[in-house]
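> Supplied in C-alpha cells, the structure appears directly below.
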Amino acid sequence: MKNNLHHTQLTDTDFAEQFKNGSLNPEIFNHEAHLRLAWIYISTFGLKQAEHQIQDQLQKFVEIIGAKDKYHKTLTIVAIKIVNHFFQKSKSDNFTDFIDEYSQLKTDFKELINTHYSFDIFGSEKAKTEFLKPDLLLFE
C-alpha cells in the first residue's frame, strides 16, 4: 500500500519542530523536504545559522532514525547554499511557491551541483565527512 503522507501536510513550524525533536516521519523526509527545511531555516535564521543548525540537527535526526551512514556533510552544506542562492532571488513568501518558482531544485539538483564541482561529491567518502569546497564555481 502506498504511503500518502507528505511533508506539505505539516505547517512550516510543525515540520521544523518535528525534524528538530526527531519525531518527523522519515518516510516523508525526501529530497523536496530537505529543500524545504533549508528554506525554512534560511528564512528564519539566515544562511550562517541555518548551515550550523541544519548540520547539527540532521546528524541527530539520522542517528535517531538509525540512518547515521546517510549523513553527507558536503551535500548538506551545498544544498543549503544552493537554496540560499535562489532564496535571495525569489519573490515567494512560502515554500510551495518557491519550489514552483525554482523547480530545477527538484528536477535538476544534481546538475546544479555539477556546475560547482568537477568531481562526484555524491560518491566521495571524504565529502561525506568533511566539507569539500567547489573547484569550478564558488558559492557567494
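> In percent, what relative contact order does segment 10-129 have, based on Cα pairs under 8 Å that are 6 or more apart in sequence?
26
> Take the chain, mark every one of the chymotrypsin sites (Phe, Trp or Tyr not before Pro) that falls in a DSSP loop and has at most 15 other Cβ within 10 Å, then report the longest stretch left between them, sites excluded.
My reading of the result: 1-118 is the longest stretch.
> Please identify, among 50, 38, 127, the residue showing maximal mean-square fluctuation in a Gaussian network model of the chain using a 10 angstrom Cα cutoff.
So, out of 50, 38, 127, the one fluctuating most is 127.
> From the list (i) 1.04; (ii) 0.98; (iii) 0.94, can you say which value of Rg/Rh (Cα atoms, Kirkwood Rh) was derived from the structure given?
Looking at Rg/Rh (Cα atoms, Kirkwood Rh) for this model, the match is (iii).
> Under unit Cβ charges (Lys, Arg +1; Asp, Glu -1), what dipole magnitude, rounded to 20 debye, does segment 10-129 have relative to its Cα centre?
Roughly 440 debye for segment 10-129.
> Please order 140, 27 by the number of other Cβ within 10 Å, starting at the fewest.
140, 27
> Identify the residues of segment 14-57 with backbone N under 14 Å of a label point that sits 7 angstrom from the Cα of residue 93 along the Cα-to-Cβ direction, or state none.
none
> To the nearest 0.05, how large is the calculated FRET efficiency for residue 124 and residue 44 if R₀ is 35 Å and r is the Cβ-Cβ distance?
0.70
Every read-out reported here was derived from the displayed coordinates using simple, explicitly stated rules and does not represent laboratory data. It should be emphasised that the depicted structure is a prediction, and the values quoted were computed from it without experimental measurement. Ideal geometry is used to build each Cβ from the backbone, glycine not excepted, and the neighbour counts take in all protein chains shown.
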